[in-house]
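Heads up, the thing below is written out as C-alpha cells.
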Amino acid sequence: MRPLDEPRARETDEDAFDAFYAASVSRLIGQLYAMTGNLAEAQDVVQEAFARAWERRSALDLDGAPEAWVRTVAWRLAVSRFRRMRTALALVRRQGPPPSVPPPEPHHVLLVQALRKIPEAQRRAVVLHHLCDLSVDQVAAETDCPVGTVKARLSRGRAALAKLLADTELDPRTSGLSEVRHG
C-alpha cells in the first residue's frame with residue numbers, strides 16, 4: 001500500500017470497527033450480564049474490552065470472531081475484578097469492624113455550620129490559621145496569595161463567624177474560639 005493510501009485504510013479500519021461495535025455491544029452486554037448477574041459490571045467490562053479491542057483493531061480479525069475475542073476479554077476482566085473484590089472483602093473481614101467513632105461535639109457542629117456559611121476563601125484562611133495552627137505567612141504560602149489578603153480574609157471571616165455564632169454557646173463575646181481550637 002502506498003503511503004498516500006494509509007489514511008484511507010485507517011478510516012476503513014475505524015469504520016469497520018465502529019460497525020462491529022454498533023452491531024455487537026448490546027448483545028455482548030446482555031451476555032456478560034447473564035454471566036455475571038450484574039448489569040453495571042457487564043457494561044463496564046464490555047466497554048473496557050472494546051477499548052482494548054480498539055487499541056488492536058488493525059490486528060483484530062473483524063471477519064473472524066472478534067465478538068468472541070471481546071467476550072473473552074470482558075469475561076476475564078469480570079473474573080479479575082471479582083477476585084480483587086473477594087480479596088479486599090477477606091481483608092476487611094480479617095480486620096474486623098471499624099472502631100466506633102463518637103459523634104461530634106455540639107460546639108463542633110455549630111462551628112462547622114457557621115464555617116459553611118462564610119465565603120470559601122475566608123473559611124479556608126480561618127481553618128488553616130485557627131484550627132491547623134498555621135501562621136499568616138504559612139497560610140499565604142499554602143493558599144498562594146499575599147499576606148495582606150490572608151489578613152483581610154481572616155479579619156472578615158472572624159467578623160462573619162462572630163455574627164453567625166452570636167447567642168450560641170460559641171458566642172465570641174462569652175467564650176473563645178480557642179476552646180474549640182483545642183477541644
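Read-outs: derived from the displayed coordinates by stated rules, not from any lab. Just so you know, these numbers come straight off a predicted model, no measurement behind them. Positions of Cβ are backbone-derived with ideal geometry, glycine not excepted, and every protein chain shown enters the neighbour counts.
Structure notes:
- Remark: spin-label model distance ARG116-VAL25 equals 3.9 nm, labels positioned 7 Å along the Cα→Cβ axis.
- Rounded FRET efficiency, nearest 0.05, which uses the C-beta distance separating LEU39 from TRP69 and R0 of 25 Å: 0.70
- Relative contact order %, the chain, counting alpha carbon pairs below 8 Å whose residues are six or more apart: 15
- Signed unit charges on C-beta, dipole axis of region 106-182, positive-most listed residue GLN138, PRO106, SER155: SER155
- Counting beta carbons within 10 Å around each of PHE82, PHE17 and listing the fewest first gives the order PHE82, PHE17.
- By the count of neighbouring beta-carbon atoms within 10 Å, fewest first, THR143, THR87 end up ordered THR87, THR143.
- Global geometry of region 1-156, whether rounded, prolate or oblate, following the gyration tensor of its Cα atoms and the 1.5 cut on a/c: oblate
- Efficiency of FRET between ARG84 and ARG52 - r from beta-carbon atoms, R0 25 angstrom, step 0.05: 0.90
- Selection from LEU170, ALA19, PRO97 lying farthest towards where the dipole of the chain points positive, charges on Cβ: LEU170
- Taking every DSSP helix (H) stretch of at least 4 residues in the chain, weighting each as -39,500 (n - 2.57) and dividing the sum by the residue count yields a mean residue ellipticity at 222 nm of -23000 deg cm²/dmol.
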